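Heads up: the structure comes next, in structure tokens.
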Amino acid sequence: MAGKDIRADRGGLAYDGSGVGNKPTFNINQTARYRSLLNPLLEKIIDNYDQKPKKSDDNELPDPMEKIEFNDVKVFGEEINECISFLSVVEEQVDAIDDEEPGSKDKFLKAIHQNYKNHRRELLIINKADPSKKEDVISLVRSNADNLILSVSNTVIGFAEVDLHHCPVEDVQGATSLIVCYGFVNCKILERPDDYK
């Protein structure tokens, strides 16, 4: 039996998911390396968001598990759970940037939310959905939750391709996963359950 020809391009990572029980896993044991990657990624996201930041919502955030279930996240649910215990790393970096340039934290969260809304808008347009009909919106989001998270993640990785091309792909993907998880937990990616009550 001939071996498979599996390749990655543009510094990507090739993954062969064939076989029984194969699944990608996220190795979060590289916290120190992620710290050095998070700062340029966070700054790039902030730099690419040019709207004036408004005050953040001070409403209490929903439990991440409730949000995963509400949005019907399947594939990324486990990864989000793994990342949650490491969000203090992202919080520290965001706070450090905000200390140097006040307002950056709000700007970062707004940029992540705008990224998500752009992908959600595209989904609504493709499906000819009326954004004023909340049930139609949440139904589409639920059936495309993992794709929406992947789209946001790919956009963040796009920011990293130029500035972090010298870093291992796995580390960039890990740092991106932390940023996406941070956005998810802070209700900037996917829908907030209490908005539909």
(request) Return only the number of the condition from (1) modelled with pLDDT of 75 or more; (2) under 16 Å from the mean Cα position of the chain (by Cα); (3) open to solvent by less than 80 Å² (accessible area, probe 1.4 Å); (4) among the hydrophobic types (A, V, I, L, M, F, W, C) that LEU37 does not satisfy. (result) (1)
(request) Inspect region 90-112 for any residue being modelled with pLDDT under 95, at positive phi and over 11 Å from the mean Cα position of the chain (by Cα) and give the result as yes or no. (result) yes
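The values are calculated or read from the model by the stated rules, or taken from the named source; none is laboratory data. This is a predicted model, so every value here is computed, not measured. The protein model used for the area step is the full one, side chains on, heavy atoms only, and it has no ligands, DNA or RNA in it. Shrake-Rupley method; radii C 1.70, N 1.55, O 1.52, S 1.80 Å.
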